Ligand code: ARG
């Protein structure tokens, strides 16, 4: 039976959230965004974590950084070791020092990235392995740096669908297994995932298309987009409790619950 554990998350209120540039296929600067609704949806996500007993800290949002709400991209923190990020796109570059200084103030020694590295968007700890996405954002070289720094074997996974540009949009780490959308990965990476996780939950493309896989599992409970109803049923059939949240405004930037959540592993 999947067992939850208490987690420590970092989040960033979407005070300055909007869509003014397009760096992934979800983003359409001509489509309207409702900022008040984005904030209400984000507060609901934060409330869900509180209700589950998790510790949530907040980083001060910075004006002019509309994507800063996506805290997962702010760093990778494992066993008290923090690796800062380097964004592919100049529009997000200034988020990196903001997250770095939060981590420093929180007492972490922060290591500098040597390559494009979008943090937990592409680097997901799964038990004693680090699943690492590449193809759109995080560079392959960042995988090697993460392996050396954290001392967890890295499994490189090649993303091939631009809608699923970060690993956390195509794969969700569960308890001892994962849920993923096979067609978001190259044939070789699909074979790797089948070999590592023969019992994985295979997501329906319809659920992936509402960013259903951008979910947060604490070992026993999964917080996921409420629109991903089939995925929720698949997870419940495996013994997980599911908590649906509506982040439809943030999805206009290509983000969901996991994007808004950086796990801080002391
Ligand atoms: N607009 C942001 C970008 O394209 C969304 C980031 C979503 N974050 C994530 N962890 N998938 O960079």
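General remarks:
- When residues of the range 131-160 are limited to those that are in a loop (DSSP other than H, G, I, E, B) and surrounded by fewer than 18 Cβ atoms within 10 Å (Cβ to Cβ), the one nearest to the ligand (Cβ to nearest atom): 160
- Single match in 104, 91, 112 (criterion: within 12 Å of the ligand (Cβ to nearest atom) and either free of Cβ contacts under 8 Å to residues at least 60 places away in the same chain or out of contact with any strand residue (DSSP E or B) (no Cβ under 6 Å at 6 or more places or on another chain) (or both)): 91
- Among the candidates 209, 233, 203, residue that is within 16 Å of the ligand (Cβ to nearest atom), out of contact with any strand residue (DSSP E or B) (no Cβ under 8 Å at 6 or more places or on another chain) and more than 28 Å from residue 111 (Cα to Cα): 209
- Those residues of the range 19-69 which are closer than 30 Å to residue 266 by Cα and within 14 Å of the ligand (Cβ to nearest atom), in sequence order: 38, 42, 45, 65, 66, 67, 68, 69
- From 51, 75, residue being surrounded by fewer than 20 Cβ atoms within 10 Å (Cβ to Cβ) and touching a strand residue (DSSP E or B) at 6+ places or on another chain (Cβ under 9 Å): 51
Rule-based calculations on the coordinates, nothing more; no lab input. Remember, it's a predicted structure, so these values are computed and weren't measured experimentally. Every residue, glycine among them, receives a Cβ derived from its backbone with ideal geometry; neighbour counts consider all protein chains shown.
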